[in-house]
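S.K.: Handing you this structure, nothing more for now.
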Amino acid sequence: MDSLKVIIIGAGMGGLTTGIAMQQAGYTVKIYDRVSELRPAGAAISLWSNGVKVLNHLGLASEIASIGGQMDRMAYYSRAGEPLNDFSLLPLIEQVGQRPYPVARTELQQMLLQAFGTENVQLGAKCVGVEQDADSVTALFEDGSSATGDVLVAADGTHSRLRPYVVGHPLDRRYVGYVNWNGLVPATDDLAPKTSWVIYVGEHKRASLMPIASDRFYFFFDVPMSKEQAQDAGEIRTELEHFFAGWAAPVQALIQRLEPEKTNRVLIHDIEPLETLVRGRVALLGDSAHGTAPDLGQGGSQAMEDAFVLTNYLKTTNLSVADALRRYEAERKDRVADIITRARKRADMIHGKDPEKTQKWYEELKYDDGTETIDGIAKTILGGPLG
């Protein structure tokens, strides 16, 4: 389709990646976000190879490589520090044709913002409604202003205000059953090898360290708890000392070394797979379309896949905007529903929903030479639009 005017609501990873792709397609693009300052939620993200391939396709290969961590191995340990397995990720990289990049969210957002252009991003613009007719779509903002274009991309995140408009009813997020703490610390050998992703498991909990650029680790802790317990937050270091008492020395060192004021504490939620991702000229994208538990590490990569597929159908379909969006929905709906469902299933297995299954997993880790883990990750990556 020729020169379209595109309105994007949300300047996160999905919105910015879509903006870059649509600019490159020759479209006029403006991104609006409700916040007055762009500060991404969460410290870092594991951007798997399917997401990286989209960025490569957009000409950002050297940029993402420069801010991504060098992750060559993966290792599991028991809570006491007993090695369960340790294997190379190079067979995965060779199988899928691209290295994954754990990356600080702030650095990823700044890279995308620079590629898109800050002059086309309007902050402090809270979208409160949408109107559309046969010829156009209009975003309505809280301050009484509006913006009209040919297509509107609702990339406004897990708390999306536009999702009810698209699906036709309100939709509550679902608490997955655990709390996640995450942040960044300097990479030191007493915590973990600097090119390994290390995960300690036990008591249905996890403590994890993942290398990112500039000699840092992205860390996270997971603890299953009821929603009532989860909402009763204490001081971060005290909470973690309590939940991980008796765990291995590197876990204890991490708890003492983290900066509580820079550590995020998140109640993990997902949404039920949606039957509808589009309505006329409006398309849901990223977390607004498929908020998922992070247990497959696919949240950011799926938003990037969305951006690629949506732009591709707008470029290659000449019937109408609505037709292109229906094709986007048809291609993405089952893919993202599968990711949500499998992430939820993995979250339950890791966090003791059925304690016998979790214990069985701990036992199986001792005999996993990496083949099973790598095959699972590769299948998810290769199911994407760029293979």
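The values are calculated or read from the model by the stated rules, or taken from the named source; none is laboratory data. Because the structure is a prediction, the values reported are computed rather than measured. Reconstructed Cβ throughout: ideal geometry from the backbone, glycine too, with neighbour counts over all protein chains shown.
S.K.: Just give me the residues in the range 245-280 being assigned to a loop (DSSP other than H, G, I, E, B), touching a residue at least 60 places away in the same chain (Cβ under 8 Å) and within 20 Å of Ala80 (Cβ to Cβ), in sequence order.
M.R.: Pass one, the range 245-280, residues assigned to a loop (DSSP other than H, G, I, E, B): 245-248, 258-259, 263, 271-277, 280.
So of that shortlist, the ones also touching a residue at least 60 places away in the same chain (Cβ under 8 Å) come out as 246-248, 258-259, 263, 271-277, 280.
Scanning the range 245-280 gives Gly246, Trp247, Ala248.
S.K.: Looking only at the range 227-244, count how many residues are assigned to a loop (DSSP other than H, G, I, E, B) and touching a strand residue (DSSP E or B) at 6+ places or on another chain (Cβ under 8 Å). If you could, list the steps in order and put the result at the bottom.
M.R.: The first filter runs over the range 227-244 and keeps only residues assigned to a loop (DSSP other than H, G, I, E, B), leaving 231-235, 244.
From what is left, the residues that are touching a strand residue (DSSP E or B) at 6+ places or on another chain (Cβ under 8 Å) are 231, 233, 244.
Qualifying residue count, the range 227-244: 3.
S.K.: Sort out for me the strands (runs of 3 or more DSSP E) sitting completely within the range 114-189 that have 1 or more residues that are closer than 23 Å to Gly291 by Cα and among the basic types (Lys, Arg).
M.R.: Values: elements: 127-132, 137-141, 146-149, 151-154, 174-186.
The qualifying strands (runs of 3 or more DSSP E) are 174-186.
S.K.: Then there is this: Taking interchain pairs and intrachain pairs at least six residues apart, which have beta carbon atoms under 9 angstrom, with the first residue in the range 355-372 and at pLDDT below 95 and among the small types (Gly, Ala, Ser) and the second assigned to a loop (DSSP other than H, G, I, E, B) and surrounded by 16 or more Cβ atoms within 10 Å (Cβ to Cβ)?
M.R.: These pairs meet every condition: Gly370/Leu89.
S.K.: Can you pull out every residue in the range 314-334 that is free of Cβ contacts under 8 Å to residues at least 60 places away in the same chain and either outside any helix (DSSP H, G or I) or farther than 19 Å from Val166 by Cα (or both)?
M.R.: Of everything in the range 314-334, those that are free of Cβ contacts under 8 Å to residues at least 60 places away in the same chain and either outside any helix (DSSP H, G or I) or farther than 19 Å from Val166 by Cα (or both) turn out to be Thr316, Leu319, Ser320.
S.K.: Which residues, counting only those in the range 88-113, are more than 18 Å from Thr17 (Cβ to Cβ), outside any helix (DSSP H, G or I) and out of contact with any strand residue (DSSP E or B) (no Cβ under 7 Å at 6 or more places or on another chain)? Before you say what the answer is, go through the steps one by one.
M.R.: First pass over the range 88-113, keeping only residues more than 18 Å from Thr17 (Cβ to Cβ): 88-97, 99.
Remaining after also requiring outside any helix (DSSP H, G or I): 88-89, 97, 99.
Gly97, Arg99 - these are the residues of the range 88-113 that are more than 18 Å from Thr17 (Cβ to Cβ), outside any helix (DSSP H, G or I) and out of contact with any strand residue (DSSP E or B) (no Cβ under 7 Å at 6 or more places or on another chain).
S.K.: Let me ask something additional. Among the residues in the range 19-36, are any touching a helix residue (DSSP H, G or I) at 6+ places or on another chain (Cβ under 6 Å) and more than 20 Å from Ala155 (Cα to Cα)? First the steps, then the outcome.
M.R.: Of all residues in the range 19-36, those touching a helix residue (DSSP H, G or I) at 6+ places or on another chain (Cβ under 6 Å) come to 19-22, 25, 29-31.
Cutting the leftovers down to more than 20 Å from Ala155 (Cα to Cα) gives us none.
There is no residue in the range 19-36 that is touching a helix residue (DSSP H, G or I) at 6+ places or on another chain (Cβ under 6 Å) and more than 20 Å from Ala155 (Cα to Cα).
S.K.: Of the residues that sit in the range 335-353 and are of a type in the set (Lys, Arg) and assigned to a helix (DSSP H, G or I), which one is surrounded by the most Cβ atoms within 10 Å (Cβ to Cβ)?
M.R.: Arg344
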